[in-house]
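What follows is calculated from the coordinates using simple rules that are stated; it is not laboratory data. Note that the coordinates shown come from a computational prediction; the quantities given were computed from them, not determined experimentally. Neighbour counts run over all protein chains shown; Cβ positions are idealised from the backbone, glycine included.
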Amino acid sequence: MDKMTRLLDEVELPSDIRGFSIEQLNQLAAEIREEVISVVSEVGGHFASTLGAVELTLALHYVFNTPEDRIVWDTGHQAYAHKLICGRRDRLATIRQLNGLSGFLSREESEYDVFGAGHAGTSISAALGMVEAKALEGSNRKVVAVISDGCLSAGLTYEGLNSAGHLDRDLIVVLNDNEHFIDPRVGAVSSFLSKQFTTDLGVRLQKNLSNLLRNLPSGENLKHAARKLRDSFLGLVTPGFLFESLGFQYVGPIDGHNLSEMITTLENVKKIEGPTLVHVMTKKGKGYAPAEEEPIKFHAVTPFHVLTGKAKKEKGPIPTYTEVFGQSLVRIASQNPKVVGITAAMGSGTGIDRLAREIPERTYDVGIAEQHAVTFAGGMATEGFIPVVAIYSTFLQRGYDEILHDVCLQNLHVVFALDRGGRRTRTNCNIC
Ligand SMILES: Cc1ncc(C[n+]2csc(CCOP(=O)(O)OP(=O)(O)O)c2C)c(N)n1
């Protein structure tokens, strides 16, 4: 494609895309992917999650009047496309470098980053706060929280959902479901999402039951009863059941790479009153084959060759701190059957994955749930086990109270292995 005719060159801010046709938006999505691949392959950074969220980013900024309407991204590692169309294209290559763009969301960086992020699970609570403030002011602005499926393992997410169902305001939650965390996803709720849904059973049932309903003989009572039966039945086989029981209206699932479907759905959702959850299915790594095939490896990358997907810098002979930790833990756990390993969704990052491969029955990945990881360890310690809790230092802030209350004050033997304790600057975050 001729660089001079690129649509991306015409886009400085989201308002520039609102007059685009679907065809143009699709072209823009392809150009954004090219740009993200080109920049991240040079400077490294988070990668696969942004590739999966390109169309979602465009649809949101197309339908909602940002920055007046608020889009609250959870975690922020998937927001490179958002940065590109929100005035920061010229600085994308500085991302995660000293004095460069933040790798996550930053209120200092842009008025489009309405809530700073980096730690997972904050979007629903923050967005609900904005909705409530808006209601007190009598404003009509819309507030959308965009949360990925991994964040459904975070306790804070449920505190937000629970409160939202109770307050019953017009909060829109977009669930970006790519069926992954960094590592394979874990937890009862995620298996609920995948088992019940990705089989397509829900979609087929919805279609079949709706057809059946259409062909029923006339008679309002009969139709009403049949509709209720359809909805209750669907509730049992789609994740809608989970969210509806928390007070949300559930919409979806929709194809997160189909701009037309997403735009129509979001336009409709804008008119719904009360808390609404839109379930969007996306593919992590979309548009770059090596990342689609290995989304875990391409979650965050060092510079790589675009043609092969291979890292530019080969790994040296010296083992990393993470490898030494992982090997040592396996050795110690092999010698002592009381030793167990615990991670909070960071198995590969912390090196606990080595223990998971060697002694899976004594390794626990509890999801993005640091607080739970610490108290869970305390519980095991009361029974004579020696839990080794490996958590990046920044995320263990979540479990600080639990360290004091559920481990220290109770004089329990829990080993904390704090990873990535000393390499972070404000903008250069090596966390994940
Ligand atoms: C409190 C906290 N713990 C751990 C992390 C590290 N982390 C960053 S992204 C991520 C996975 C998020 O999965 P998901 O929300 O599904 O997003 P995806 O990467 O699949 O798009 C994790 C565990 C974090 N950012 N915050």
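Below is a table of values for the structure above.
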item: Approximate spin-label separation H413-H305, in nm, with each point projected 7 Å along Cα-to-Cβ; result: 5.1 nm
item: Residue-span extension gain [Q335 to Q24] - 0.36 nm each, minus C-alpha spacing; result: 105.8 nm
item: Proximal aspartates and glutamates relative to K271, as straight alpha-carbon distance under 19 Å, when same-chain residues fewer than 8 apart are discounted; result: E68, D69, E132, D168, D170, E244, E261
item: Ranked packing of 63-74, 319-330, 293-304, 172-183, most packed first, by mean Cβ within 10 Å; result: 172-183, 63-74, 293-304, 319-330
item: Additional length obtainable on full extension of the chain from E42 to N140, 0.36 nm per residue less Cα span; result: 31.0 nm
item: Efficiency of FRET from Cβ geometry, S393 and D90, R₀ 25 Å, rounded to 0.05; result: 0.15
item: Calculated log₁₀ intensity ratio I(q)/I(0) where the Debye formula runs over C-alpha points of the stretch 1-120, q = 0.17 Å⁻¹; result: -0.80
item: For the stretch 256-313, the fraction of alpha-carbon pairs in successive 10 Å shells from zero, as %; result: 19, 34, 21, 20, 6, 0
item: Of K142/K297; K142/K284; K283/K310; K134/K284; K286/K312, those spanning more than 31 Å from alpha-carbon to alpha-carbon; result: K142/K297; K134/K284
item: Y364 long-range amide H proximity, modeled H, under 5 Å; result: G341, I342, T343
item: Span from the the stretch 146-165 Cα centroid across to the the stretch 255-269 one, whole angstrom; result: 22 Å
item: Label-to-label distance, nm, for residues given as L167 and S245 (7 Å Cα→Cβ offset); result: 2.4 nm
item: Reference-scaled alpha-carbon Rg (2.2 N^0.38 Å with N residues) for the stretch 321-419; result: 0.96
item: Global size of the stretch 91-176 as Cα Rg and Dmax, reported in angstrom; result: 14.4, 43
